[in-house]
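What follows is a set of notes on a single structure, which appears directly below.
The values are calculated or read from the model by the stated rules, or taken from the named source; none is laboratory data. Just so we're clear, the structure is a prediction, and the values are computed from it rather than from any experiment. Note that each Cβ is placed from the backbone with ideal geometry, even for glycine, and that neighbours are counted across all protein chains shown. Calculation scope for accessible area: heavy atoms of the full protein, side chains included, ligands and nucleic acids excluded. Shrake-Rupley method; radii C 1.70, N 1.55, O 1.52, S 1.80 Å.
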Amino acid sequence: MTTAREIMHTGATCVREDETLMDAARRMGELDVGALPICGPDDRLHGIVTDRDIVVKCLAKGKDPRHMRAGYLAQGKPVTVDADTDSEEVLRTMQDHRIRRVPVIDDHRLVGMISEADLALHLPEERVGHFVEEVCR
């Protein structure tokens, strides 16, 4: 059985909810990633911000990313998986919610992220192909 812990990439870097979207965009560029977890002062996961969120929910609406805070986009409870979750359940969760990235939690703390690329590296090609078809549907 392959678990989320074996698939995830560790060391997920958070953007604090009080940081600006410009800060988040810069960090995404430095890390060459398309999403960052949003963490509060309690160091707990409060949401996720994607490069698309910054474009659609900030720039396209004429808002200034130098002033809009990441926490503004941390709405609702983020979808997560536990570090010991079986890979099939990880895939089901991502498919059901039509998400391409999922934070991995262990003992209420963010310990990593799983992206489509992580799935492609660790799971059978046909299973990943089916996942991509479902999420893109």
Within segment 87-103, how many residues are out of contact with any helix residue (DSSP H, G or I) (no Cβ under 8 Å at 6 or more places or on another chain) and open to solvent by 40 Å² or more (accessible area, probe 1.4 Å)? 5
Please verify whether segment 56-79 includes one or more residues that are open to solvent by less than 80 Å² (accessible area, probe 1.4 Å), of a type outside the set (Gly, Ala, Ser), in a helix (DSSP H, G or I) and modelled with pLDDT of 95 or more. yes
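Does ASP106 satisfy the condition of being surrounded by 12 or more Cβ atoms within 10 Å (Cβ to Cβ), within 14 Å of ARG5 (Cα to Cα), among the charged types (D, E, K, R) and in contact with a Gly (Cβ under 9 Å, 6 or more places away or on another chain)?
Details: surrounded by 12 or more Cβ atoms within 10 Å (Cβ to Cβ): yes; within 14 Å of ARG5 (Cα to Cα): yes; among the charged types (D, E, K, R): yes; in contact with a Gly (Cβ under 9 Å, 6 or more places away or on another chain): yes.
Yes.
Name the residues in segment 85-103 that are among the basic types (Lys, Arg) and within 15 Å of ASP118 (Cβ to Cβ), would you?
So the first thing to find is which residues in segment 85-103 are among the basic types (Lys, Arg), and the list is 92, 98, 100-101.
Residues satisfying the conditions are ARG100, ARG101.
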Among the residues in segment 20-37, are any crowded, with 16+ Cβ neighbours inside 10 Å, among the hydroxyl-bearing types (Ser, Thr, Tyr) and touching a strand residue (DSSP E or B) at 6+ places or on another chain (Cβ under 8 Å)? yes
Every residue in segment 102-137 that is within 15 Å of GLU89 (Cβ to Cβ), modelled with pLDDT under 90 and either among the hydroxyl-bearing types (Ser, Thr, Tyr) or not in a helix (DSSP H, G or I) (or both), please. LEU123
